[in-house]
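Undergrad: If you scroll down you'll find the structure; I have some questions about it.
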Amino acid sequence: MSSIPRLVIAAPSSGAGKTTVATGLMAALRSRGLKVSPHKVGPDYIDPGYHALAAGRPGRNLDSYMCGTERIAPLFLHGAAGADVAVVEGVMGLYDGAAGQGELASTAQVAKLLRAPVVLVVDASSQSRSVAALVHGFASWDPEVRLAGVILNRVASDRHEHLLREALEEGSGVPVLGAVRRAEQVATPSRHLGLIPAVERSAEALRAVTDMGELIAASVDLDAVLALARTAPPLAAEPWDPATEVEPPTGPRPRIALAGGAAFSFSYAENAELLTAAGADVVTFDPLRDTELPADTAALVIGGGFPELYVGELSENAPLRTAIAELARSGAPVVAECAGLLYLGQELDGKPMCGVLDTAARMSGRLTLGYREAVALTDSPLAATGTRVRGHEFHRTVTDPGAGDHPAWGWRTPTGPVTEGFTQGAVHASYLHLHWASTPHTATRLVRAAAERL
């Protein structure tokens with residue numbers, strides 16, 4: 001049994017201010033000298049970047065669709081090891097989950113799996129007494145969800161706050177833990193896929209997180225929040241351990257280069273941990289700055305991000321593009337997700353890329369977003385033919401063609417079957433994001449493929 005004080009920050013819908021409140025709460029609690037463990041429900045990569053700045057430790061995702069409900073508590077305990085308190089930011093509205101899957105992947109489901117109290121962030125900007133009806137409805141919808149507090153956001157004035165508190169005291173029975181005034185200075189800039197990643201904003205992002213922490217510290221009863229977090233009961237689960245998820249390493253450790261930096265900032269921390277546990281020496285490099293791959297690179301992993309914003313710099317770094325193409329031609333394992341797929345193509349928005357794959361990419365006006373249940377159609381260093389996975393797509397680009405002669409994945413849609421991605425030699429490239437905690441054999445397979453080249 002493991003006991004870590006914890007709470008979930010939820011909202012009635014997207015846009016209510018969950019990220020500001022959750023990130024600010026992490027920063028405020030850290031300023032008190034507490035070790036704060038940051039978590040995010042769902043597949044999102046961007047919010048955990050701000051969480052990491054606020055808490056000083058990696059932001060961790062808790063996605064019950066991709067990872068399975070049975071892994072949520074173990075993954076949480078792994079990420080929260082050594083922490084004094086954990087803050088979990090929800091996704092969308094409290095009860096919103098995977099389309100057509102009931103509560104699966106919702107904030108409510110994760111809160112129940114973690115046995116964690118829920119704090120509801122309510123955008124109060126256009127209501128007064130109605131807030132009580134809203135909170136009452138959310139609190140009573142699922143008796144297994146313990147909605148234990150409310151934080152009022154975008155409160156206009158002292159008078160407005162008084163009306164809101166009065167209504168909640170009379171009609172909901174849920175205590176108010178804080179009231180946050182409208183504060184445009186802490187807003188984080190966004191674009192087509194949500195917030196701009198923290199890694200792209202550097203000093204500006206740090207200031208924003210500091211501002212969020214100060215705002216929440218001044219607006220929320222932190223003692224009450226901590227007292228609530230400490231009511232979470234022990235979890236009857238063991239922490240997830242990457243070493244027990246992979247086959248024990250044998251022989252020399254192959255070096256696997258992992259793309260990072262502002263252009264390729266989307267990566268789940270557990271993926272690299274699994275590679276290390278499987279016997280790899282994982283080294284990060286930045287395609288925007290490094291002109292060559294790390295010495296002795298035996299395999300390459302290029303994750304997601306926003307390469308379209310850095311297409312000029314990526315294209316101008318011809319020495320690295322050449323090195324990556326030569327590595328792929330040599331038969332070394334290369335695994336690419338989403339942004340990595342675009343980078344391996346012939347061009348992106350007309351700018352030359354690595355030229356490994358016979359496809360060209362461009363920005364489009366259409367957002368492709370959603371969970372996918374896929375099957376591997378071709379053997380690769382990532383997966384054997386027939387391997388079934390659950391992943392996630394999240395992009396506004398298209399490739400032409402969208403799949404090669406040997407597609408990476410296939411899945412069914414209401415309009416028919418889809419094939420997607422490319423396998424070519426030892427290259428596996430696809431739009432599909434995977435959380436390797438759900439497919440740990442992926443890490444073992446990749447490390448072994450890399451070790452065979454030593």
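Undergrad: If packing is taken as the average number of other Cβ atoms within 10 Å across a peptide's residues, how do 256-262, 124-130 rank, most packed first?
TA: Per-residue mean Cβ counts within 10 Å order the peptides as 256-262, 124-130.
Undergrad: Counting only other residues whose beta carbon sits under 14 Å from that of LEU34, what net charge do I get with K and R as +1, D and E as -1?
TA: Here the charged neighbours net out to +4.
Undergrad: As a test of understanding, state the convex hull volume per residue of the range 4-149 from its alpha carbons, in Å³.
TA: Cα convex hull per residue, to the nearest whole number: 107 Å³.
Undergrad: Quote the Stokes-Einstein diffusion coefficient, in whole µm² s⁻¹, for the range 289-383, based on the Kirkwood radius over alpha carbon pairs, a temperature of 37 °C and a viscosity of 0.692 mPa s.
TA: 230 µm²/s
Undergrad: Show log10 I(q)/I(0) for the range 308-454 at q = 0.09, 0.14 Å⁻¹, two decimals, from a solvent-free Debye sum over equal Cα scatterers.
TA: -0.27, -0.66
Undergrad: Right, another one. With the Cα gyration tensor of the range 28-78 giving a ≥ b ≥ c as the square roots of its eigenvalues, does the rule (a/c under 1.5 for rounded; else a/b larger than b/c for prolate; else oblate) give rounded, prolate or oblate?
TA: It comes out oblate by the Cα gyration axes.
Undergrad: Another one. Set Lys and Arg Cβ to +1 and Asp and Glu Cβ to -1, take the dipole of the chain about its Cα centre, and tell me which of ALA55, THR423, PRO407 lies farthest positive.
TA: Of the options given, the answer is ALA55.
Undergrad: So which trypsin sites (Lys or Arg not before Pro) in the range 285-367 are both in a DSSP loop and have at most 15 other Cβ atoms within 10 Å of their Cβ?
TA: ARG289
Undergrad: Run down the lysines and flag those whose C-alpha is under 27 Å from the C-alpha of LYS35, throwing out any fewer than 8 positions away in its chain.
TA: The reachable lysines, counting only those whose Cα sits under 27 Å from LYS35, are LYS18, LYS112.
Undergrad: Moving on to the next point. Return a whole-number percent for the relative contact order of the chain, with Cα pairs under 8 Å and 6 or more residues apart as the contact set.
TA: Worked out over the chain, it gives 14 percent.
Undergrad: Let me ask something else. What net charge is computed for the residues neighbouring LEU226, neighbours being all others with C-beta under 14 Å from the C-beta of LEU226, Lys and Arg scored +1, Asp and Glu -1?
TA: +2
Undergrad: How much of the accessible area of the chain, in percent, comes from carbon and sulfur atoms when a 1.4 Å probe is used?
TA: Carbon and sulfur: 50 percent of the exposed surface of the chain.
Undergrad: Right, here's the next one. Which percent, nearest 5, of DSSP beta bridges in the chain are antiparallel?
TA: 40 percent
Undergrad: To continue, here is another question. List, in order, the whole-Hz ³J(HN,Hα) value for each residue of the range 152-167 obtained from phi through the Karplus relation with A = 6.51, B = -1.76, C = 1.60 and θ = phi - 60°; use x for Gly and Pro.
TA: Working through the residues one at a time gives 7, 10, 6, 7, 7, 6, 4, 4, 4, 4, 4, 5, 5, 5, 4, 5 Hz.
Undergrad: Whole Å is fine, so just give me how far the alpha carbon centre of the range 279-354 lies from that of the range 22-99.
TA: Cα centroid of the range 279-354 versus Cα centroid of the range 22-99: 29 Å apart.
Undergrad: Computed from the mean reciprocal separation of all distinct C-alpha pairs, what Kirkwood hydrodynamic radius does the range 94-137 have, in Å?
TA: Evaluated on the range 94-137, it is 12.0 Å.
Undergrad: Ignoring ligands, DNA and RNA, what accessible area per residue does the chain give at 1.4 Å, in Å²?
TA: That works out to 39 Å² for each residue.
Undergrad: Then there's this: If you take all C-alpha pairs in the chain, what percent of them are over 41 Å apart?
TA: Percent of Cα pairs beyond 41 Å in the chain: 19.
Undergrad: Scattering from the C-alpha atoms of the range 201-356 alone, worked out with Debye: what is log10 I(q)/I(0) at q = 0.16, 0.17 1/Å?
TA: -0.93, -0.98
Undergrad: Residue farthest toward the positive end of the dipole of the chain, with Cβ of Lys/Arg at +1 and Asp/Glu at -1: which of ALA111, ALA124, CYS338?
TA: Towards the positive end, the residue furthest out is ALA124.
The values are calculated or read from the model by the stated rules, or taken from the named source; none is laboratory data. Nothing here was measured: the structure is a model prediction, and the numbers come from that model. Every residue, glycine as well, gets a Cβ built from its backbone with ideal geometry; the counts of neighbours run over all protein chains shown. Ligands, DNA and RNA are stripped out before the accessible areas are found, and what is left, the full protein with its side chains, is counted by its heavy atoms. Shrake-Rupley method; radii C 1.70, N 1.55, O 1.52, S 1.80 Å.
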